[in-house]
Amino acid sequence: MAQAILLRDVDTLGERGDVIDVSPGYLRNFLVPRKLAQPATPAAIAESQRRREAAERAVAEAAAKAEETATLLRKTVLTISHQAGDDGRLFGSVTSQEIVDAIRQARGVRLDKRRVQLEHPIRTTGTHMVTVEVADGVTTDIKTIVTPQALPVTLRSALERPSDVGDGSGIS
């Protein structure tokens, strides 16, 4: 039997980096030409082990950074101004993109809007808890305060002016 190191995941043999025993013909005629494996020499085994350790370190560092970011975001309170009526209902809703933009502005953390998990659209002013997935398997809740935004002067004056149409009776 010949030993080989898998360069890619192979369903019937194992995962990338595994040292396996296969027949010499299978290695020479099938695995090597398709770049699925390479012969297992002592140098190749050492290189494979170094690659595997480096990949594990990278995964551990990414997980630590994700936890650090999640801890930072847990302490964050976002304030988002949105146009709202007198009863506290918003004209429209607060979107995932607005939340991501507020996070980027407050903490400098770049997230994808698909990572924001809103059960229901935010359509009222007040305090809301928003769940954000920082990385795979790492989520955090962010306190989000939605405040009413002042209406533009032209719109406010149009709303305050009495209507020129009359009382609707059709009689002038």
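The values are calculated or read from the model by the stated rules, or taken from the named source; none is laboratory data. Remember, predicted model here, so these are calculated numbers, not experimental data. Quick reminder, even Gly has a Cβ in these numbers, built from the backbone with ideal geometry, and neighbours come from all protein chains shown.
Please determine, by comparing only the residues of the stretch 29-48 that are in contact (Cβ under 8 Å) with a residue 12 or more places away in the chain and part of a helix (DSSP H, G or I), which one is farthest from A135 (Cα to Cα).
L31
Keeping to the stretch 4-28, report how many residues are crowded, with 16+ Cβ neighbours inside 10 Å and either outside any loop (DSSP other than H, G, I, E, B) or modelled with pLDDT of 95 or more (or both).
Going through the stretch 4-28 one residue at a time, the tally reaches 7.
Is it true that some residue in the stretch 68-78 is in contact (Cβ under 8 Å) with a residue 60 or more places away in the chain, of a type in the set (G, A, S), surrounded by 14 or more Cβ atoms within 10 Å (Cβ to Cβ) and within 19 Å of H120 (Cα to Cα)?
Checking the stretch 68-78: not a single residue is in contact (Cβ under 8 Å) with a residue 60 or more places away in the chain, of a type in the set (G, A, S), surrounded by 14 or more Cβ atoms within 10 Å (Cβ to Cβ) and within 19 Å of H120 (Cα to Cα).
Output the number of the condition that R114 fails; it satisfies all remaining conditions of (1) basic (K, R); (2) in contact (Cβ under 8 Å) with a residue 24 or more places away in the chain; (3) farther than 16 Å from L73 by Cβ.
R114 satisfies all of (1) basic (K, R); (2) in contact (Cβ under 8 Å) with a residue 24 or more places away in the chain; (3) farther than 16 Å from L73 by Cβ except (2).
In the stretch 117-131, what residues are in contact with an Asp or Glu (Cβ under 8 Å, 6 or more places away or on another chain) and crowded, with 19+ Cβ neighbours inside 10 Å?
Passing the criteria: only V130.
On the basis of being part of a helix (DSSP H, G or I) and closer than 13 Å to K143 by Cα, does L78 make the cut?
No; evaluated as a whole, the condition is false for this residue.
Report yes if some residue within the stretch 5-23 is at positive phi and free of Cβ contacts under 8 Å to residues at least 12 places away in the same chain; otherwise report no.
Within the stretch 5-23 (the criterion being at positive phi and free of Cβ contacts under 8 Å to residues at least 12 places away in the same chain), the answer is yes, since at least one residue qualifies.
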